[in-house]
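In what follows, a single structure is set out as structure tokens and then discussed.
Read-outs throughout are calculated quantities, based only on the coordinates presented, and are distinct from any laboratory measurement. Since this is a predicted model, take the numbers as computed values, not measurements. FYI the Cβ positions are ideal-geometry reconstructions off the backbone, even for glycines, and counts take in every protein chain you see.
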Amino acid sequence: MDQLILNPDILLWLILLVAFIVIEAATVSLLTTWFAIGSLFSLVLAFLGAPFYWQIAVFFVVSFVLLIFTKPFVDKKLMAKKEATNADRVIGKTGVVIEEIDNIKGTGQVKVLNQIWSASSEENIKKGEKVIVKDIRGVKLIVEKQN
């Protein structure tokens with residue numbers, strides 16, 4: 001049994017298997033999972049005494065076949081669904097500055113569609129001026145002066 005554990009092929013595949021599992025646990029990217037499975041198949045071959053070139057071939061074939069055929073399916077099933085909030089409906093709308101937008105002070109509020117939003121702009125905009133909403137970043141509107 002000690003000779004099996006000291007077998008360099010077994011040690012290599014065991015180290016790779018653990019490394020891929022640790023990387024997967026740290027990143028949760030579902031990329032190294034396929035390589036961990038390939039390592040597991042090669043580890044079994046190493047236990048059975050298969051030649052090293054077979055172990056390498058099985059590692060690459062299993063890993064890449066799983067990657068190519070299952071990753072798109074897994075990505076589609078596990079992708080986080082974007083939660084619609086209807087906040088984007090204000091993009092492109094016109095609003096009125098109700099508190100001066102001053103980037104140095106970090107102040108500014110805009111009223112758009114009867115809602116009050118924090119706002120910022122590339123330039124300072126005075127109270128009462130009309131603005132157009134260009135984007136939303138977090139809970140803050142990015143606006144610019146209406147011409």
The chain: relative contact order in percent, alpha carbon pairs under 8 Å with at least 6 residues between: 14
Give the whole-number value, in cubic angstrom per residue, of the convex hull volume spanned by the C-alpha atoms of segment 26-79. 70
Return 42, 120 ranked ascending by Cβ neighbour count within 10 Å, so the fewest neighbours appear first. 120, 42
Can you give me the Cα centroid spacing of segment 1-57 and segment 108-122 in angstrom? 56
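Could you tell me how many cubic angstrom of Cα convex hull volume segment 87-145 has per residue?
Roughly 65 Å³ of hull volume per residue.
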Determine, from the Cβ-Cβ distance of residue 31 and residue 57 and an R0 of 25 Å, the FRET efficiency 1/(1 + (r/R0)^6), rounded to the nearest 0.05. 0.75
For labels at residue 47 and residue 118 in the simple 7 Å Cα→Cβ model, what's the distance in nm? 5.6
Column: log10 I(q)/I(0), Debye, Cα scatterers of segment 2-147, q = 0.09, 0.10, 0.18, 0.21 Å⁻¹: -0.55, -0.58, -0.93, -1.11
Note down the nm distance, to one decimal, between modelled labels 7 Å out along Cα→Cβ at residue 65 and at residue 140. 5.3
Flagged as over-length at 32 Å C-alpha distance, from 76/145; 76/134; 105/134, the pairs are 76/145
